[in-house]
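Values in this text are rule-based calculations from the coordinates and carry no lab data. Since this is a predicted model, take the numbers as computed values, not measurements. Using ideal geometry, Cβ is built from the backbone for each residue, glycine included, and neighbour counts are taken over all protein chains shown.
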2 protein chains.
Amino acid sequence: MMKSKTGYFVDGTGEYVITDMYPKRPLKNYLWNEDAYASVDQFCFGNAVASIGEIRRPFAGAERLVYIKDEKSGAFYSPNRNYKQEPFDEYYCHVGVGYSKVVGVYKNIRTEYCYLMPPTDKMEMIRVTVRNEGKEKRKLSVYTYNALEVNITEHIGSGWSKYYADKALLLFEHHIFEAKHDYATVFVKSNIKPDSFESTPNAFKGIYNGFENPVGLSKPHLDNTESTFEFDYGAAFRYEIELSPSEEKNIVLTIGTVRNKEEAFALSEKYVGEKAFDLAMAQQKQVLSSYKDVMTIESPDDYVNVMANVWLKRQVGFGKTWGRGLGKGFRDVMQDTSAFVSFDHALAKLRILDALRHQYFNGNAIRMWEPDFKHPYMDMPAWIAATVLAYLKETNDFTLLDEKVGYLDSDEKETVLVHTIKGCNFLLDSLGKHGLVLWGGGDWNDSVNNVGMRGIGESVWLSIATVKAVKETAELLEKIGYDKTYIDGLYKKSDALTENILKHGYKDGYFIYGYNDDGEIVGGQESEEGKIYLNPQTWAVLAGIFTGEKGIEIMDFVERELRCDYGYVVCRPAYTKPTLGVGRSSCFYPGSFENASVYNHGVAFKLVADCVNGCGDRAYETFKMICYDNPKNPDSGAEPYAFSNMYLGPECDLRKGDAPLSWITGTAGWLYRGITEYIMGLKAEYTRLRIAPCFPSHWETAKVKRTFNGCTYHIEYRRAEENYIVYDGARIDGNLLPEDTQGNTHTVTVYVAR
Amino acid sequence: MMKSKTGYFVDGTGEYVITDMYPKRPLKNYLWNEDAYASVDQFCFGNAVASIGEIRRPFAGAERLVYIKDEKSGAFYSPNRNYKQEPFDEYYCHVGVGYSKVVGVYKNIRTEYCYLMPPTDKMEMIRVTVRNEGKEKRKLSVYTYNALEVNITEHIGSGWSKYYADKALLLFEHHIFEAKHDYATVFVKSNIKPDSFESTPNAFKGIYNGFENPVGLSKPHLDNTESTFEFDYGAAFRYEIELSPSEEKNIVLTIGTVRNKEEAFALSEKYVGEKAFDLAMAQQKQVLSSYKDVMTIESPDDYVNVMANVWLKRQVGFGKTWGRGLGKGFRDVMQDTSAFVSFDHALAKLRILDALRHQYFNGNAIRMWEPDFKHPYMDMPAWIAATVLAYLKETNDFTLLDEKVGYLDSDEKETVLVHTIKGCNFLLDSLGKHGLVLWGGGDWNDSVNNVGMRGIGESVWLSIATVKAVKETAELLEKIGYDKTYIDGLYKKSDALTENILKHGYKDGYFIYGYNDDGEIVGGQESEEGKIYLNPQTWAVLAGIFTGEKGIEIMDFVERELRCDYGYVVCRPAYTKPTLGVGRSSCFYPGSFENASVYNHGVAFKLVADCVNGCGDRAYETFKMICYDNPKNPDSGAEPYAFSNMYLGPECDLRKGDAPLSWITGTAGWLYRGITEYIMGLKAEYTRLRIAPCFPSHWETAKVKRTFNGCTYHIEYRRAEENYIVYDGARIDGNLLPEDTQGNTHTVTVYVAR
């Protein structure tokens, strides 16, 4: 059992149990289906949001509460929130894949508050289980309260609440006029009939009370208030229950947003009761199980294992469905797809096609859609070939390349292959006066957003990323036997670009970040602030511009200049004043976001670059530095089961080391690939599996179970004097396993040189 | 002393003292200057908002708190909020004109929490007075907390807080990039040095506590936390004070928004300390005094007096400066200006000129500016002539007419006179197939916003209002000796329009509301819902279309059909389903807003119409029906010192009679004029004063002091057998007082026929 400051991982299930229910900051779990998502904390508090095209419609508010009131004494408490921090006998939260469950045991009553989203629909479900663990019969009243988001225009006179007693259903409607969508109805359905209800926080809690002491609890029954013209709505139910010793009762609440009353009635019937809840729970577990089947690691590091086997898949999974929550970023979708393609081929294909529909006819793509964000970033095409290749190598499904897809600004449909080539050419054709790729509105670094708006600035990082993308495109074209002259041309352009990078982008022993519209160097010794950036160095290795000793040399530079106690900063020194020729990042407080934080997405690039260099110790150490239990940053506040987007950097005098945000980050995908493809070294190669591990030196053995191309591979790693592989009992040449199209199970022993 | 359910009015000052500190809904006071406004409740809780051009920038959040902690016992409470409803010895809120002050006395400590806005700048000030009323020396710690609104973009990494100990000033900055304005700094200055501070609610209150039990209070000192990357900021100070018996200490906090640190330092010095606070308070009282001087009523009804002398002026005053808070509506500014011209001539002129700059070259005007709202309402020009006339009659300043003003859509400048005539002609030229005025996007009734979007629908009410506006324009032109043929032409058009109104707009004994784009009657017996509207009836009287017996007959109809226990509904029956050919109002819940609520603005029109008919009893009764103390609607929740925009109508099954919103309504201006110009009958007529009262029959005497045209009039009303006036001891003919340009004081006795 792996323990941490805030709780522990349950062996086998991946579940994390939060035992410190008042941690430094709330610890979030994300729950979602294709129609809605929620982020809930250790109390199951947090918004639920439905997707209606590009609109994100919140329908459930922050508070989700259950109160237990002893009808004899009149005393009450909230077992999932414990506002008064009473001495509960047990109080913890199970953070599961697809559910969260709070357990509160107090005065012989065990209450479990379990939250999930069913596999479809704009819905959430809650099961409240109350169990008498004492020796006497108990007469209790149970109150539930759910904050809701009902009003969908500023016209609060258009909203109202009504109770349908026969259905035990509270209906909240908003008459529609001048609304942006027609999901004007929210409902809360109880599987058993409550004794009484309220439909607003003002009625349940009282205008002058807090949820720690709602006026509703001081009355014998709730007042059954339906209302209109309210800023806020919420659903409160009261249930009277008697429990004999060892007896338990369940209440299941179903909450959703729909278009009208009829849909509410229909949907609430579909999801009513304990069986529906159990089924939804089983479906969540089924998804986890199928993802685990693809790749299960047993390394010497339990944390590596639980993250790779469960939580990184989960975290990538959120991006897989929801992009970054508020929108779908082209580069974000592309990177996440590369990461999850092994465990969901079909969805990966869909995502690639959907992303390419958001490419412009000129080869570039929009930064984000749902909703559209059109600031002219230039790096989008740099992510296409890598993702297409990742899909092909995992699935061997070359039909992808022939799929015809339109463009954001043109109805003309062209094949994925053409889209990919166009992307490559867009970059190669967008060169500035140093022969480097134009910077436009920014690159991976969203916040360096004012470097090239006048069409002059050039990005060294994007030039390096372009070299990588061109090589990937060429690799793809070679694979399909494309015109050799064309491919040679690509390599020539890539070589020329590399030459320009080395000539104009490499100064004083490292790669500068670029030249802005005014010709000023960004990320160089000449720069007043932000003199060194991380990405150009790591990507020089990823793109093969620096290999071997040169590769190690530049990463030595990174270790020397950008390392801190808990990772590697995105740049250094931080900007301390707004710098127009850089953009938004210079306005962030020193050490935050792209202004010199430890931006974990960039750290993950660095980890992969270490592996490319064959430096397993560095890669592993890098991973451990950004883990929740780094002893040099023991109180970041981050969830142990999810990576944060950043740690506030050492230059952030006010909050250095804190990890205020988590889950929503490209870090997850790159770490997943870093662990599985680089440290464990398992790479799909069309119909064959390549195994080229990059272990830290203290690892002696490890195991992996991997399904691929219909086969199952049981892989064991052992130490030896040289690298070699024994496949089904026989040593093979090289590190590429033989092809098997028959779906067999294989035993592989990978000998890893010390 | 006038008592009510929630408190009482203090004789002489107009101050209202809230004694029920937990009323049905929070009771608001509005405070403002030209740069900022705040609406605060009985605890002094509520946002403060600065104006930066058309942008409204909140800078202070809801919570404003003081805590008293006995350092001996460790017990604490909040004297201005009393979260736990401890048995305070005294606990009430003084609602003053330009200030609010909460008094809490508990365990021999009197704390006064006084809030105001200084006369200029984007600022608020708070004075906390703590007094030892016991017999023993006390050692206390005093904590203040102020919620703030700091972040001005979604990029929370751009914000931070720092403390300047030498200045006792907390500075909150937001580095600017992609912000809509540059008021990126908020400061909180204490006049005395605190012992310690916090700068975020999370640090002061704790993440898991509420303000009823902040973690900060459980520590010996606050932790002096500066921070960044926070969603919310707030300023907490701790002061250690010792108070001998009868000793008191003051803390003055100055809070504002500025562009940068230097401005914060400068402004906080300008407004530092008790003297600055006293000065600001004195200035508030000076404004009230100057407004009272213009017109002070002593009628038999104390409530009429306190409202006309103090609070209606105050309520109109808000509109005078801030329009409807979120924007400046053309018709709203025009109506409010008509109401406040007597007590601020110069500002009235400015407002008229500013409004006319928002007229289109075609004569119509934009619905609202700051920010612009361009839905094509058609009634704007109908309000111009009345307002221009009101200004001329009060001030006799005809230079207004020659002022040149541009247009919203044209740089050409034309005189106010031309603007006025153009407005009139726009209406007369916008006739539909029944010869009635086109309805466009709606009229006074903002929510009937889909009746005429296709350019076909015609409004009967707007046609009536046009008749009134044309007559007013003609009166104006006659006064200045304009071309008689032109004036005759106006009258002819007005007569023709009146004929069409009577022919197509008067059916089944009342005026319909109009014809929509589909030719359907809105507000007629043929209409499925909304069969009768109030405004067309009352305005038929106001416009002189029905006079004498006909006028009384149509108002009888109103009494019969639209009266309820607490006023007159805007229409009846309510729409129960969205009706596309009507618009938004049909989507409001039955009984709310323009869908059959008692919309007080419309009720005020009705009160004036009663007076025009000479029905003083009806007018007075109408006023009493919408007052807070109507025994048939005793629990509306409304502030006794401010009129609400509406009472939810009798068809609102869920909340009938409630008054959820107040202050922001055109009701104030029309009621003020109804009382002063119609019931008391004091009308300015250029250089002379006309007195034509319309008393309720039970009024025997009354007094008014009025300043006008440089003179002071002491007017006494007495009952007699016939109407006549004695002026400085001599009976005069008619009701128009002689002209006096010498600034004398006059004694007038008005005899009112029974």
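Enumerate the calculated ³J(HN,Hα) couplings along the range B:539-556 in order (Karplus 6.51 cos²θ - 1.76 cosθ + 1.60, θ = phi - 60°), each rounded to whole Hz, writing x wherever the residue is Gly or Pro.
6, 4, 6, 4, 8, x, 6, 10, 10, x, 4, 4, x, 5, 4, 6, 6, 4
Answer with one residue from B:Ser196, B:Tyr91, B:His175: the one whose Cα lies farthest towards the positive end of the charge dipole of the range B:17-287, charges on Cβ with Lys, Arg +1 and Asp, Glu -1.
It is B:Tyr91.
With only Lys, Arg, Asp and Glu charged, each at its Cβ (+1 for the first two, -1 for the last two), find how big the charge dipole of the range B:209-265 is about the Cα centre; round to the nearest 20 debye.
Result for the range B:209-265 is approximately 80 debye, rounded to the nearest 20.
In debye, nearest 20: dipole of chain A around its Cα centre with unit charges on the Cβ of K, R (+) and D, E (-)?
In total the dipole reaches around 940 debye.
Need one number: nm distance between label points at A:Ser244 and A:Glu298, each 7 Å from Cα along Cα→Cβ, rounded to one decimal.
Taking the simple label geometry, A:Ser244 and A:Glu298 are separated by 4.6 nm.
So which chymotrypsin sites (Phe, Trp or Tyr not before Pro) in the range B:542-638 end up in coil per DSSP with only 11 or fewer other C-beta atoms within 10 Å?
Passing sites in the range B:542-638 do not exist.
Shape verdict for the range B:656-705, please, from the Cα gyration tensor: rounded (a/c under 1.5), prolate (a/b greater than b/c) or oblate.
Cα axes put the range B:656-705 in the oblate bin.
What is the Rg over Rh value, at two decimals, for the range B:17-287, using alpha-carbon atoms and the Kirkwood definition of Rh?
Radius of gyration relative to Kirkwood radius: 0.95.
Give me the distance in nm between label points sitting 7 Å out from Cα along the Cα-to-Cβ direction at A:Lys507 and B:Ser289, one decimal.
6.9
By counting other Cβ atoms within 10 Å of each Cβ, how are A:Met123, B:Met21 ranked from fewest to most?
B:Met21, A:Met123
Using helices alone, what [θ] at 222 nm do you get for chain A, with -39,500 (n - 2.57) per DSSP H run of 4 or more residues, divided over all residues and rounded to the nearest 500?
It comes out at -8000 deg cm²/dmol, rounded to the nearest 500.
Check which residues have an amide H placed less than 5 Å from A:Leu682's amide H, if you skip close sequence neighbours.
Here A:Glu677, A:Ala692 satisfy the definition.
If we count every other residue with Cβ under 10 angstrom of A:Arg454's Cβ, Lys/Arg +1 and Asp/Glu -1, where does the sum land?
So the environment of A:Arg454 carries a net charge of -2.
Taking the Cβ of each residue in B:His746, B:His698, B:His345 as the centre, tally the other Cβ atoms inside 10 Å and list the residues starting with the fewest.
Going from least to most buried by this count: B:His698, B:His345, B:His746.
Going through the range B:634-714, which GluC sites (Glu not before Pro) have at most 13 other Cβ atoms within 10 Å and a DSSP loop state?
B:Glu700
What is the dipole size for the range B:17-287, taken about its Cα centre, with +1 at each Lys and Arg Cβ and -1 at each Asp and Glu Cβ, in debye to the nearest 20?
For the range B:17-287, the charge dipole is close to 580 debye.
Name the chain B residue with the Cβ nearest the axis that maps B onto A: which is it, and what is the distance in angstrom?
Closest Cβ to the B-to-A rotation axis, residue and whole-Å distance: B:Gly210, 2.
Using a label position 7 Å from Cα in the Cα→Cβ direction, what is the ascending list of nm distances from B:Gly544 to the same site in the other copies?
Here B:Gly544 shows inter-copy label distances of 9.3 nm.
Going by alpha carbons, how many degrees (0 to 90, nearest 10) lie between the helix axis of B:384-395 and the longest principal axis of chain B?
It is inclined by approximately 80 degrees.
Need the full-extension length gain, A:Gln742 to A:Arg454, defined as separation in residues times 0.36 nm minus the C-alpha distance. One decimal, nm.
Between A:Gln742 and A:Arg454, full extension yields 98.0 nm more.
Could you list B:Tyr533, B:Tyr164, B:Tyr486 so that the one with the fewest beta carbons within 10 Å of its beta carbon is first and the one with the most is last?
Going from least to most buried by this count: B:Tyr486, B:Tyr164, B:Tyr533.
Provide, as a two-decimal number, the C-alpha radius of gyration of chain B over 2.2 N^0.38 Å, N being how many residues it has.
Cα Rg divided by the expected 2.2 N^0.38 Å: 1.01.
Any chance you could check the Cα centroid distance between the range B:350-417 and the range A:62-108 for me, in angstrom?
The range B:350-417 and the range A:62-108 have Cα centres spaced 62 Å from each other.
Of the GluC sites (Glu not before Pro) in the range B:498-531, which ones lie in a loop per DSSP and count no more than 15 other C-beta atoms within 10 Å?
B:Glu526, B:Glu528
Tell me the net charge near B:Thr129. Cut-off is 14 Å between Cβ atoms, B:Thr129 excluded, with +1 for each Lys or Arg and -1 for each Asp or Glu.
-2
Between A:Ser289 and the same site in the other copies, what are the distances in nm, shortest first, taking label points 7 Å from Cα along the C-beta direction?
So the label point of A:Ser289 gives 8.4 nm to the other copies.
Quick one: which residues, 5 or more positions from A:Glu298 or on another chain, have an amide H under 5 Å from its amide H? H modelled 1.01 Å from N in the peptide plane, none for Pro or chain starts.
It is A:Lys703, A:Val704, A:Lys705, by chain and number.
Below 12 angstrom from the Cβ of A:Ala264, what's the summed charge of the other residues (Lys, Arg +1; Asp, Glu -1)?
Net of charged neighbours comes to +2.
If you restrict to DSSP beta bridges whose two residues both lie in the protein assembly as shown, what percentage is antiparallel, to the nearest 5?
95
In whole Å, what three semi-axes, largest first, describe the equivalent ellipsoid of the range A:4-108 built from its Cα gyration tensor (square root of 5 times each eigenvalue)?
Listed largest to smallest, the semi-axes of the range A:4-108 are 27, 19, 11 Å.
I'm checking a number: the convex hull volume of the Cα atoms of the range A:185-270, normalised per residue, in Å³. What is it?
Normalising the Cα hull of the range A:185-270 by residue number yields 122 Å³.
Hey, what's the Kirkwood Rh for the range A:682-753 if you take every pair of different alpha carbons, in angstrom?
12.3
Whole number please: convex hull volume per residue, Cα atoms of the range A:363-479, in Å³.
Hull volume over Cα atoms, normalised by residue count, gives 112 Å³.
Would you mind pulling out the separation of the Cα centroids of the range A:486-538 and the range B:700-754, in Å?
So the separation of the two Cα centres works out to 89 Å.
Please name whichever of A:Asn213, A:Phe318, B:Leu737 sits farthest to the positive end of the charge dipole of the protein assembly as shown, dipole taken about the Cα centre and charges placed at Cβ: Lys and Arg +1, Asp and Glu -1.
Of A:Asn213, A:Phe318, B:Leu737, it is A:Asn213.
Out of all DSSP beta bridges in the range B:682-753, what portion is antiparallel? Express it as a percent rounded to 5.
70
How big, on average over all directions, is the shadow cast by the Cα convex hull of the protein assembly as shown, in nm²?
Value for the protein assembly as shown: 61.0 nm².
Using the Karplus curve 6.51 cos²θ - 1.76 cosθ + 1.60 with θ = phi - 60°, work out ³J(HN,Hα) for each residue of the range B:496-511 in order, rounded to whole Hz, and write x for Gly and Pro.
Each residue of the range B:496-511 in turn: 5, 5, 4, 4, 5, 4, 5, 6, 10, x, 10, 9, 6, x, 7, 8 Hz.
In nm, what does the list of distances from A:Lys261 to its counterparts in the other copies look like, shortest first, when each label sits 7 Å along Cα to Cβ?
6.2
Along the positive direction of the dipole of the range A:582-704 (beta-carbon charges: Lys, Arg +1; Asp, Glu -1; about the Cα centre), which of A:Cys587, A:Leu682, A:Asn600 reaches farthest?
Comparing the listed Cα positions along the dipole, A:Leu682 ranks first.
Determine, from the Cβ-Cβ distance of A:Lys180 and A:Glu136 and an R0 of 60 Å, the FRET efficiency 1/(1 + (r/R0)^6), rounded to the nearest 0.05.
0.65
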